[in-house]
1. Hey, does the range 41-48 have a residue that's within 14 Å of S69 (Cα to Cα) and open to solvent by 40 Å² or more (accessible area, probe 1.4 Å)?
2. Output yes when any residue across the range 167-181 is among the polar types (S, T, N, Q), touching a strand residue (DSSP E or B) at 6+ places or on another chain (Cβ under 8 Å), over 26 Å from A124 (Cβ atoms) and in a loop (DSSP other than H, G, I, E, B), and no when none is.
3. Before we move on, is S277 modelled with pLDDT of 95 or more and within 16 Å of C158 (Cα to Cα)?
4. Look through the range 126-145, keep the residues that are surrounded by 14 or more Cβ atoms within 10 Å (Cβ to Cβ), part of a strand (DSSP E or B) and free of Cβ contacts under 8 Å to residues at least 40 places away in the same chain, and return whichever of them is nearest to the chain's Cα centre (by Cα).
5. Tell me yes or no: at least one residue of the range 19-31 is open to solvent by 40 Å² or more (accessible area, probe 1.4 Å), under 14 Å from I330 (Cβ atoms) and not charged (D, E, K, R).
6. Among (1) modelled with pLDDT of 95 or more; (2) under 15 Å from G238 (Cβ atoms), there is one condition A309 misses while meeting the rest; what is its number?
7. Condition first: in a strand (DSSP E or B) and surrounded by fewer than 21 Cβ atoms within 10 Å (Cβ to Cβ). Now tell me which residues in the range 253-266 satisfy that.
8. Kindly indicate whether any position in the range 2-12 is touching an Asp or Glu at 6+ places or on another chain (Cβ under 6 Å) and not in a loop (DSSP other than H, G, I, E, B).
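The values are calculated or read from the model by the stated rules, or taken from the named source; none is laboratory data. This structure is a prediction, so every number in the text was calculated from the model and none was measured. Using ideal geometry, Cβ is built from the backbone for each residue, glycine included, and neighbour counts are taken over all protein chains shown. Just so you know, the surface numbers come from the protein's heavy atoms only, side chains and all, with ligands and any DNA or RNA stripped out. Shrake-Rupley method; radii C 1.70, N 1.55, O 1.52, S 1.80 Å.
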Amino acid sequence: MPTLSSVFAPLGDHLLTANSRGKLQIWQVPQPDNFLGTPPALIASRQIHNCPVYCLIFITANSQLLLVSASDEDICIWSWEALLMEGTGKGLLARLQSPQHAHRRGGLGPLAETTSIAFDPSSATLYSGSGNGNAYAWDLSNHKCVTTYSGHTDMIHCLGLRRRHGQLVTGSEDSTMRLWDVRSAVCAHVLSPSLPPMTSQSAARAAPDAPVRESAPSLWCGCLALDEAENWLAAGWGAGFISTVEMRSLACVGCLPTSAPPQAVAFLPHSDARLVSIGAEKSVYTWKVTGELETRAACSSPSAFALAARAGADGDVTVAVGGFAPAVDIFYDMSHKAVSLPIVV
């Protein structure tokens, strides 16, 4: 029962993890300076889906803190206050389903899994990446799908939002990332490690409608992250490396080799120059954005999917890592794990 997703609550000391059976577990994880006095503890467990949960994020809408969960079947929006206080099944505010392909005679295609989500608070728009190769924009004022981003030829694994630039970034099994204008749904750039501008330091742009050269079957884009300033993009590729891209030139600045395909990457909070990654190996990497490896520490999971990071008031960082292990690891110092939290079945 692997842990597939995790997130720290923006207020308080709560860590949320979700697994392949749709169960959400809520942990109390203290700040580093209070770790010895108050050890981490499981405080609640909720059945939020009946299938794998691939992504968890917190959003604020109408001055209310909400949890959004994405699964094989749907996207659910929960009241965090009700979810924390009440029993199983409480707190559900809305349920969204990706559009289904319409067949002849009124038939509908299968539901596609939602693999990734992002939120723009300025427009109350939720963005989702789907297993059918499309990304969607949802107006949370009426819970309607308002825009479809079509162009990938295989499933979308990950997405990120450049709010200040009005851009959506998607990464796919088809060996590419795409940069979309969120308003027009037009693809502005197609990026791949085998294509310019990522193959050189030039500022040339790849034509969005240019044919994508066939690349190695292992060169899928499995994860991506943007820094807080939206100047840097980090993307993990199935061939076993992370590329860091400077967003003004779209040039690849660093190539960060890993021993197995990366499955999650994140910039460390309040840092535009350092990132952490996990993948199909028992390792947690921290890097400089220019490519230098800082630390490589062991984790419990032979294949890790769930990565969450938070910053404390004094700037200390806490990182949680979960995957194919009956535990979630907590790192206060990235050179070693501080504690492993046992997963309750």
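1. Within the range 41-48, one or more residues are within 14 Å of S69 (Cα to Cα) and open to solvent by 40 Å² or more (accessible area, probe 1.4 Å).
2. Yes - at least one qualifying residue is present in the range 167-181.
3. Details: modelled with pLDDT of 95 or more: yes; within 16 Å of C158 (Cα to Cα): yes.
Spelling it out, S277 is indeed modelled with pLDDT of 95 or more and within 16 Å of C158 (Cα to Cα).
4. At the first step, the residues of the range 126-145 found to be surrounded by 14 or more Cβ atoms within 10 Å (Cβ to Cβ) are 126-140, 143, 145.
Retained after the next criterion (residues that are part of a strand (DSSP E or B)): 126-130, 135-139, 145.
Right, trim to free of Cβ contacts under 8 Å to residues at least 40 places away in the same chain and you get 130, 136, 139.
Values: S130: 13, Y136: 16, D139: 20 Å.
Selected residue: S130.
5. Within the range 19-31, one or more residues are open to solvent by 40 Å² or more (accessible area, probe 1.4 Å), under 14 Å from I330 (Cβ atoms) and not charged (D, E, K, R).
6. Among (1) modelled with pLDDT of 95 or more; (2) under 15 Å from G238 (Cβ atoms), A309 violates only (2).
7. V253, G254, C255, P257, A266
8. Taking the range 2-12 and keeping what is touching an Asp or Glu at 6+ places or on another chain (Cβ under 6 Å), we get none.
The answer is no, given that none of the residues of the range 2-12 is touching an Asp or Glu at 6+ places or on another chain (Cβ under 6 Å) and not in a loop (DSSP other than H, G, I, E, B).
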